[in-house]
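Derivation of every value follows stated rules applied to the coordinates shown; laboratory data play no part. Worth saying up front: this structure is predicted, and the values here are computed from it rather than measured. Ideal geometry is used to build each Cβ from the backbone, glycine not excepted, and the neighbour counts take in all protein chains shown.
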Ligand code: GCW
């Protein structure tokens, strides 16, 4: 056989290569915001002075990743070679290293002092006579974050000519949880099967797990819990730990720590003991040995997440012990290794008697955890869902954020859209999360009276000077090419990471960054996609659950379709108490469940009184007649009708807004997303009609605008 293919064949090979490379650029959404697409030449010119190589001041795994990422990104975005050489500084370069390493190289530079862990400094400076861009971190991971930030700026054509910028994370904890089962399914996951597990084992090929870690690192996320909080005890089998350590290997280059969800009954379920009582010394011993073994195999292991005494999970209540007893026994095993325990505050009785009007699931977290404030070890973090129920389309901030002064906290936000359209409908959650994070709890803080105490500061440990705390997002990315099941939904992962890094960023800034990186800087694209994303939560809320009634979805089934009756007459406690005259949960102190009493006094006042309770949470806190007049001047029932019609109309308008993008973005994503909006418009009508007809039948009150009930049976 000839060593050289004949010309015709060579041509075919070349064509094939071209076709393949075009195909490789096909926009599946897989690259998310790390597309590094080439800047147009006139913009690339702005970076003519940008160095063409990097000098790395250390040789750690993470620094090497930073160096490779810089080479990959800079060469792709600027369309010219960038070499990741290691040689000493003999020309203009990007310098990558920790602050200490930088000091050794250039003692005369004055790097910022007192930066927090994982922070970085981006600085344009002359070093040894050469023009350089410095990316210096307090840690190796900080350097990697700095590289991603630098690349993001270049990709968005931001000037870096005289850059001098310090960035540091708001809180040490910036984690995601994956609810992956060992059989490969993901609880509440809508983006395909698990990246980590298949058929009861860790996958052989963990390429996507590594790519996931890259995405996480690019937005400053430093930990990932890989298995479901409804944990299979087998995850702690010795043979499984060896498998899981391979996932940690895939994460490590990106500075992402692996952690595991554990079943509290493990000492008995898989450990051969006859008890899992946290106060039994055999149990403490078991945890200690298990944890030592994990650290032997995964030296940078992050810790455990615990769901106990909740939704059928076993917990310390089996032995009359408290969550603090349970958390501490594990925390003490982890402590010598620097690990932490996330103990979830999502502990409630799902067999509540719905006939008792004083019962209230919303009260559970505070009732269970507030009395234990101060009893938890300092490497325990209480992981608290943003609202007191369960990721509904609108909830007030959980009162527990204000109820722990001597205990570390983290807020749990849900990136996967379990109750908000399951990625089949657009719902950009950053505006919702910001409302909670910015909400001032008015906690009385004797050491800083009259200072605001927003949720973001409480969870970050700033208000009460806690050693740790922060942000956890339930992500549930899967094997689908676009990770979450929809390219637009990835804005929620991006937004979570950006807020965990800096909750003071605005939703507008976040979506502008994301759109530029994921699509382009074309003004039509920026305007349209930002507008769609920023309006999507309100639109979704208006046709699924206005006035704080909760998402009126099928709560005993798929958490997706409208099914308002499924909330009532069962023990799950997601009640809206709609009857033929009135609707809403009375949670007041005066006449209701007393939930309002769990808030600090200023917040109690706000929610207790109908005069001050905001309309958008009215039915969360009060039971009112359908004819009750809102602050807006409309009756409750007319608002419900109007809101559903308006929401469905606005969802339909998403289609025409999206159509303005034809020719402005790639055809693949254009068509894919158009089909989703067409589907969503139909779903919004189904929601509108189901809820409006249901409430019309219940109340018998006609729609002033004569839209509702034409096809519904008369009351
Ligand atoms: O809302 C519920 C979900 C469950 C989930 C639970 C939790 C992992 O429907 O699927 O279980 O919350 O947060 O523990």
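Details
- Peptides ranked, highest mean first, by Cβ atoms within 10 Å: ranges 300-309, 57-66: 300-309, 57-66
- Only helices enter the 222 nm calculation for the chain: every DSSP H run of n ≥ 4 contributes -39,500 (n - 2.57), and dividing by all residues gives -11500 deg cm²/dmol, rounded to 500.
- Length gained on full extension, residue 242 to residue 113: 42.4 nm, using 0.36 nm per residue less the C-alpha separation.
- Rounded if a/c under 1.5, otherwise prolate or oblate - region 230-388, Cα gyration tensor axes: prolate
- Highest average first, the peptides 30-43, 342-355 ordered by how many other beta carbon atoms sit within 10 Å of their residues are 342-355, 30-43.
- Summary of the geometry: region 131-194 and region 94-122, compared by the centres of their Cα atoms, lie 19 Å apart.
- Debye intensity ratio I(q)/I(0), log10, region 605-654, q values 0.22, 0.23, 0.24 Å⁻¹ (C-alpha model): -0.79, -0.83, -0.88
- Three semi-axes describe the equivalent ellipsoid of region 182-236; taken as square roots of 5 times the Cα gyration tensor eigenvalues and ordered largest first, they are 20, 13, 11 Å.
- Dividing the mean sequence gap of close Cα pairs (under 8 Å, 6+ apart) by how many residues region 265-323 holds gives a relative contact order of 28 percent.
- Cα-based shape type of region 159-266, given that a ≥ b ≥ c are square roots of the gyration tensor eigenvalues and the cut on a/c is 1.5: prolate
- Ordering of 486-497, 95-106 by packing [mean C-beta count within 10 Å, highest first]: 486-497, 95-106
- Note on the chain: Cα convex hull, mean projected area over all directions, 36.3 nm².
- Rg over Rh for region 372-523 works out to 1.01, both radii taken from alpha-carbon positions and Rh defined as the Kirkwood radius.
- Per-pair calculated FRET efficiency, R0 = 35 Å: residue 185 and residue 591 via Cβ, rounded to 0.05: 0.20
- Measuring nothing but alpha carbons in region 482-617 and taking Rh as the Kirkwood radius, the Rg to Rh ratio lands at 1.06.
- Subtracting the Cα-Cα distance of residue 627 and residue 674 from their residue separation scaled by 0.36 nm leaves 13.0 nm.
- Under conditions of 37 °C and 0.692 mPa s, region 386-457 yields 245 µm² s⁻¹ as its translational diffusion coefficient, taking Rh as the Kirkwood radius over Cα pairs in the Stokes-Einstein equation.
- Global form of region 21-95, assessed from the alpha-carbon gyration tensor, a/c cut-off 1.5: oblate
- Full extension of the segment from residue 664 to residue 87, taken as 0.36 nm per residue of separation minus the current Cα-Cα distance, would add 203.4 nm.
- Euclidean distance of C-alpha centroids, region 243-270 and region 468-518, integer Å: 23
- When the alpha carbon coordinates of region 645-701 are projected onto the principal axes, the ranges are 49, 15, 7 Å, largest first.
- Relative contact order, percent, region 352-436 [alpha-carbon distance under 8 Å, six or more residues apart]: 28
- Region 537-558 versus region 377-453: alpha-carbon centroid distance in Å: 19
- Relative contact order for the chain, counting Cα pairs under 8 Å that sit 6 or more residues apart, in percent: 11
- Cα convex hull of region 592-703 - mean projected area over all directions, nm²: 10.0
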